[in-house]
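Presented below is the structure to which this report refers.
Just so you know, all these numbers are worked out from the coordinates, no wet-lab data involved. None of these values were measured; they are calculated from a predicted model. Glycine also receives a Cβ, built like all others from the backbone with ideal geometry; neighbour counts cover every protein chain displayed.
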Amino acid sequence: MNTKSDTRASEIQDSFEALWQEQSSFNVDFENIAKQARLQRNKQRLYMAVDVLGLVPLVMVMVLIDENKYAAPIIPFFFINLIAGIVMVAYFIKLRSISAFSSTKATSDYAETLIKQLRNNALISRINKHTSWIVAIAVVAFLTIDGAMRDYDYQHLLSIFARSFGLVLVIFVPWYIWSKRRQLRFENEASKLASALGLTTQHE
Amino acid sequence: MSERFNTVMKEYGALLSRVATTYEANEAIRQELYQEICMACWQALPRFNEDASLKTYLLKIAHNRCISHVAKEANRIKSSDISDTTENRSHDPDPAEASRTASHLSVENQIIQSQKLSSLLTAVRELNITNRQIITLSMEGCGNKEIAEITGLTANNVGVSISRIKSELKNKMTSIESRVNARSVKK
């Protein structure tokens, strides 16, 4: 009885295999693929170099700044920027190395890493989105209060407020929209992947 | 490196192309995906240290690339919406292949085979990703241990799953074929 069902199962397997192998494949120029892959690898290296070089101006400011010439609060401001920059660059390099080296992991581990990465990206975009309106309010408030402390007249103050508000509209509104779109994109990707793999997601 | 890549692709190109077919129905997007898989293989090839077979190594890379593709596709229009029109066209046997098999099969048989292949592919794509991966690796002739290494499941789990997925696939194919027949009777 068992032998009969085993034979049947084996026949099904053979017929599936034979049918599966019948598929036609694409004709691709592998020389061109290798060329594109080389280009992509060089691009990744360039991006990494640009990430690291982006810190150079901040380091130079910290080294060359004349403490006597500038107000004291500006030094910690640059220092905080430098620390934030180093953290960001380290994170970007980590992401790039994860995507380069995780391709040979088992699929379940790879998928887990990818979902985690997508959720982290969504979180960063969310933080970025909220940073935009906080910075926008801070810029308008700072410029207006600064004007008020200098005893400018009402007309002048109104003009400062209008100009800073204009600046906010041009820079921070697109920043907010862009961050929000990225956040939704990453959340959508993570949740689609998790549900395709039969995992439950924290967004559902 | 280029020479080695060419040799590897000549041997495993068709296998990798079938992995792309498992995850993408739309022909144009599938070709893009196949090229991305080939590029990922090119990048990972220097790191191959012969711990596993080259076939297992490449299959891991290809399936992982496809997993990223599934995530990215969340933001595109659903490709399976247009798959019905592209499916039959994309799997028509090419002229050279057709002439090779012409001596063995009648035209009618070829059409039946082509329809069967089409329903097999549709049925495979209806499975969840893990089952899809297990059954296609099995159809590629991978053993339970190899499948376990690629998917990250245990070999026992794979062994138990295969027969269950096979019968699920068979049921799906029957239902797809009857849907297609009902549609052609209506016309």
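Odds and ends about this structure:
- Rounded Å value of the spacing that divides the Cα centres of the range B:1-37 and the range A:125-204: 42
- For the pair A:I137 and A:M60, the difference between a 0.36 nm per residue extended length and the Cα-Cα distance amounts to 24.8 nm.
- Shielding of B:36-46 by partner chains, average beta-carbon count, 10 Å: 5
- Partner chain coverage, peptide A:28-41 - average Cβ within 10 angstrom: 6
- Cα-based shape type of chain A, given that a ≥ b ≥ c are square roots of the gyration tensor eigenvalues and the cut on a/c is 1.5: prolate
- 222 nm mean residue ellipticity, helices alone, for chain A (DSSP H n ≥ 4; -39,500 (n - 2.57); rounded to 500): -29500 deg cm²/dmol
- Kyte-Doolittle mean at least 0.5, axial Cα span of 30 Å or more - DSSP H helices of chain A: A:74-101
- Mean Cβ count within 10 Å, highest first, over the residues of peptides B:49-56, A:132-139: A:132-139, B:49-56
- Length added when fully stretched, A:N81-A:L46, from 0.36 nm per residue minus Cα-Cα: 10.3 nm
- Test item: A:187-193 mean partner chain Cβ contacts at 10 Å: 4
- For the residue pairs B:K10/B:K55; A:K116/B:K55; B:K116/B:K166; A:K35/A:K105; B:K116/B:K145, the alpha carbons lie more than 23 Å apart in A:K116/B:K55; A:K35/A:K105; B:K116/B:K145.
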